[in-house]
Amino acid sequence: MTEPNGRGVVQAVWILALALIVSSLILGGSFYQARHSRATVQVVGMASQPFEADQVKWSLGVGRTVPASLLSDGYVQINRDVESMVAGLVSAGIPRDAVVLQPVTTNPMYGSEGIREYQVNQTLYVVSEDLDAVESLALAPSELLAEGLLLQNSRLHYFYSGLAEVKRTLLARATEDARMRAEEIASATGEGIEAIASARAGVFQITEPFSTDVAAYGIYDTSSRKKEIRVTVHAVFVICLLYT
């Protein structure tokens, strides 16, 4: 009877030892994973680039003031004025299909006895890749204006056709900048960067050069021919622990 009991005791000891080993491995692995999952660093990378627009949009309005009784004549006159302006633009080297006309509008002007006269207006848009030519016309439009014609709301807006490619390049540079910052932080404690855990791109800020303006929803300033684009990337990197 003693031999079976001895065997039972030995088996129980082995089972208990095995259970302790397995438990240690499980707890050790859990501790490692928990420890490893917390080993991250959060950084913000930034990249910027100057660039110059290659397209311009010139928007301008023209108008004439006519007596209330001669409104129909005002329509005829503004039509002639605009045709003359378009001809002048074409003569200056602007393609006819680059000129877009908007419908004619009228604004009544009142006197003591009601409507005294009307202001007849029409808006034009010029979209061109010849920035120098359009700028010259916009800055000195007198040759395009017939006598008595009023120039209203003349504005230049600048755009860049390759902006999508610039944005992609900038995001890559901002991500690389974030990684470099993370490596600097990790190296200070004798550690390294293993991989990126997550990343989130900020909005693009397109401003005139040397501007410090920022907006939560981004900026796209079109008033300047020369521009600067900036973007940030918020990234989380996994740190390599030397004692793992």
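The values are calculated or read from the model by the stated rules, or taken from the named source; none is laboratory data. Everything numeric here is computed off the predicted structure, so don't read it as measured data. Note that we place each Cβ from the backbone using ideal geometry, even for glycine, and neighbour counts take in every protein chain shown. Only protein heavy atoms, including side chains, enter the accessible area calculation; ligands, DNA and RNA are left aside. Shrake-Rupley method; radii C 1.70, N 1.55, O 1.52, S 1.80 Å.
Do we find a residue being open to solvent by less than 80 Å² (accessible area, probe 1.4 Å), more than 30 Å from Arg116 (Cα to Cα) and at pLDDT below 90 anywhere in the stretch 13-21?
Yes, some residue in the stretch 13-21 is open to solvent by less than 80 Å² (accessible area, probe 1.4 Å), more than 30 Å from Arg116 (Cα to Cα) and at pLDDT below 90.
Can you tell me which of (1) open to solvent by 50 Å² or more (accessible area, probe 1.4 Å); (2) out of contact with any Ser or Thr (no Cβ under 7 Å at 6 or more places or on another chain); (3) within 27 Å of Val43 (Cα to Cα); (4) outside any helix (DSSP H, G or I) is the one Ala199 doesn't meet?
Of the numbered conditions (1) open to solvent by 50 Å² or more (accessible area, probe 1.4 Å); (2) out of contact with any Ser or Thr (no Cβ under 7 Å at 6 or more places or on another chain); (3) within 27 Å of Val43 (Cα to Cα); (4) outside any helix (DSSP H, G or I), the odd one out for Ala199 is (2).
Taking interchain pairs and intrachain pairs at least six residues apart, which have beta carbon atoms under 8 angstrom, with the first residue in the stretch 113-124 and within 7 Å of Ala68 (Cβ to Cβ) and the second not in a strand (DSSP E or B)?
Ile115/Ala68; Arg116/Ala68; Glu117/Ala68; Tyr118/Ala68; Tyr118/Leu71; Tyr118/Gly74
Could you grab the pairs with beta carbons closer than 6 Å, sequence gap of 6+ or different chains, first residue in the stretch 37-54 and open to solvent by less than 40 Å² (accessible area, probe 1.4 Å), second one at pLDDT below 95 and in a loop (DSSP other than H, G, I, E, B)?
If the second residue must be at pLDDT below 95 and in a loop (DSSP other than H, G, I, E, B), the pairs left are Ala39/Leu241.
Could you tell me whether the stretch 155-168 includes any residue that is in contact with a strand residue (DSSP E or B) (Cβ under 8 Å, 6 or more places away or on another chain), open to solvent by 60 Å² or more (accessible area, probe 1.4 Å), touching a residue at least 24 places away in the same chain (Cβ under 8 Å) and over 30 Å from Val44 (Cα atoms)?
yes
Take the residues of the stretch 93-113 that are open to solvent by 50 Å² or more (accessible area, probe 1.4 Å) and among the hydrophobic types (A, V, I, L, M, F, W, C): which is farthest from Leu124 (Cα to Cα)?
Met109
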